[in-house]
1. Given all pairs of different Cα atoms, what value in angstroms does the Kirkwood hydrodynamic radius of the stretch 164-321 take?
2. Counting other C-beta atoms within 10 Å, which of Lys34, Lys78 has the fewest, and how do the rest follow?
3. Can you tell me the 0 to 90 degree angle between the C-alpha axis of helix 492-518 and the longest principal axis of the chain, rounded to 10?
4. How long, wide and thick is the chain, going by the Cα atoms along their three principal axes, in whole angstroms, largest first?
5. List the aspartates and glutamates whose Cα sits under 15 Å from the Cα of Lys267, skipping any in the same chain fewer than 8 residues away.
6. Output wanted: per-residue J couplings in Hz (rounded whole) for the stretch 554-567, from phi through Karplus 6.51 cos²θ - 1.76 cosθ + 1.60, θ = phi - 60°, x for Gly and Pro.
7. For Asp133, what residues show an amide H to amide H distance below 5 Å, using hydrogens built from the backbone and excluding near sequence neighbours?
8. Grab the other residues whose beta carbon is less than 12 angstrom from that of Lys401, score K and R as +1, D and E as -1, and report the net.
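Taken together, the values in this text are just the output of simple stated rules run on the coordinates, not laboratory data. Small disclaimer: the values here were computed from a predicted structure and weren't measured. Here the Cβ positions follow ideal geometry from the backbone for every residue, glycine too, while neighbour counts run over all protein chains shown.
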Amino acid sequence: MNTFTCHGESQDVQGCNLGKLAVIAPMLERIKLKEIINQHIPADEQAEFDHGSILSLMLAARLYSPVAMSNIPEWAEKSGADIYFGIPMEKMNDDRFGRSLDAFFDQRHSILGAVALHVAEEFSIPLSELHYDPTHVLFEGAYTGAVKRDGVVAENGIRSNDTLEPAHITKGRGTDDAPQGARMIHVGLLTVIDEKLGPLPLFGHTIDGNQNGRTGIHEQMALVNEFLTLSRTTMISDRGTFSVGHMLRMHDVGHRVICAAPWDDLKSLFSKHRETLQWNQASFLSIEQHRRRDESSGLPQEHYELAVVDHVFRDKTSGRSIDARVIFVFSTADRKAIRVQREKQIVKMKAELIQIAVSVSVGRRGTDRAAISKRIARVFGSKDAAKFFQWDLKPLTPEEKTTMLTLPETSETKPVRSGGKVTHRFEWSFDEALMNAVSHDDGYSTMVTTVPEAEKSVDEIFSRYRLQNYVEHANHQFKGPLAIRPLFLHSPKRVESLVFLMMMGLTTYFLLQRTFRQNTPEDAPQVEKKTTSEKILRTFETYTILVYDHSPFLREVCATRLTRRQLHILNRLNFPTPSQTLRQRLPPRPDG
């Protein structure tokens with residue numbers, strides 16, 4: 001039987017795109033964000049709304065679709081967030097949001113720690129292994145109120161919450177995605193990683209924009225010991241955080257480390273034992289390498305090899321020592337990549353140097369030492385191959401000036417028009433012996449661990465460290481889809497509060513993925529087991545609720561029908577449907 005579709009009368013109804021709030025709001029409730037915030041921030045008896053409700057609304061707005069604080073009221077009306085959070089749109093304003101951010105700042109570490117501990121208990125998250133990775137957050141504006149702060153670690157304890165100023169928004173080191181001199185702070189994230197469930201950021205900290213990873217992990221662990229009070233954990237981090245002091249501090253409180261170490265720090269140890277090292281192929285393979293083996297694609301099958309040496313590290317400052325295992329790693333893929341990249345650099349740099357020599361030989365303008373030095377700096381930059389080259393600008397002898405020596409034109413030089421009087425010659429050389437000596441170590445790297453061999457083998461240690469790649473995904477979400485950067489707020493304290501709020505936003509975001517995958521049966525299709533938070537949120541993007549304005553004094557809110565996929569996701573997450581949530585939060589219609 002065919003369905004008859006007809007046109008009806010217009011009705012006074014508004015569609016609100018509840019969308020992602022259908023899963024964001026119940027997850028915020030499960031982590032008890034509102035309750036935990038209100039436990040730590042004293043209630044203002046004159047305030048209409050508590051700080052927990054306001055800050056939960058702000059966090060939901062960032063997770064839904066990042067908007068400026070001034071645009072939250074408009075977003076709330078369009079999405080129905082005003083209904084879901086029980087805060088009328090006309091009550092939302094910058095002053096109210098700002099006051100809540102100010103109050104949050106004074107208890108930010110305590111709240112973040114309490115949320116982390118609750119999540120660990122509620123979701124059965126093991127804290128026996130944590131990955132640390134810092135990332136930078138860029139800022140717009142002058143921020144004249146941002147000043148260098150005293151560190152977390154003090155002689156008589158630690159500074160935190162209201163006793164610790166916000167991280168100094170200042171010029172930091174340039175990177176691939178941050179121009180030199182850009183204003184920034186660094187945010188260190190502590191993440192629990194499960195290969196099947198993905199990353200879960202749980203705790204974090206901010207440091208000044210011009211500080212490094214060693215400072216970051218020192219302060220991070222001081223705050224962890226204060227607010228998480230872990231009995232024993234293994235901290236996994238990259239080489240920017242490595243120091244003997246770090247290992248000693250972790251040892252003193254019963255923790256262990258797995259840390260990549262700078263090659264130059266342990267190169268001499270490698271040379272000493274190189275001929276006697278026993279190498280074994282690692283069981284770890286990248287996803288791409290697994291694919292190549294499964295599909296017999298014919299592409300190169302790369303692998304890692306591992307060797308270990310027991311070593312005693314001594315701290316120069318305190319004189320204390322600590323036993324550790326140094327793991328040397330050889331990567332066939334890294335060796336190839338390094339050599340290809342080096343060859344490209346050398347070819348390009350040689351061509352540039354030849355061109356400079358030609359320019360000088362014909363007396364072009366801008367060939368004095370200062371100008372040539374600037375040009376060389378642009379050619380060499382921070383390239384690793386620069387150390388193989390030497391150059392000099394030498395004045396011509398009277399005899400050379402007479403003969404006006406010039407370089408013969410080659411296929412590598414561009415046509416050069418003769419300039420003024422020639423006064424110097426440009427000489428350069430390439431140290432092939434040094435390049436061969438350096439290339440002897442291509443593909444090698446090193447790690448250090450204080451985890452006893454009886455607990456984890458070298459192969460297990462390396463496999464756990466390689467999970468560090470998952471942290472990069474969390475950092476990407478922090479700076480990308482969640483749009484923490486670039487940003488501008490007038491107060492550095494409010495900036496800091498927003499950053500800490502977003503750390504809890506990251507926890508919320510990745511809990512969606514983790515919970516869904518945990519509740520997915522083992523015999524489910526692989527694509528179902530790999531469901532991400534992004535896919536979950538995208539599934540609800542167009543879900544709407546209907547708001548009927550029956551009169552100035554009566555507004556009726558109705559949920560619409562869920563798609564089969566939306567209902568499946570809510571069931572998998574054990575979340576109520578929007579209809580159930582509305583029925584719980586709103587009274588029934590007076591006449592029925």
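1. Values: mean 1/r = 0.0526 Å⁻¹.
The answer is 19.0 Å.
2. Values: Lys34 20, Lys78 17.
Ascending Cβ contact count within 10 Å gives the list Lys78, Lys34.
3. Between the helix axis and the principal axis of the chain, the angle is about 80 degrees.
4. 109, 66, 64
5. Glu275, Asp310, Asp441, Asp442
6. Coupling constants for the stretch 554-567: 9, 10, 10, 10, 10, 7, 9, 6, 7, 6, 4, 5, 4, 5 Hz.
7. Correct list: Leu189.
8. Working: positive: Lys421, Arg425; negative: Glu399, Glu400.
Cβ neighbours under 12 Å give a net charge of 0.
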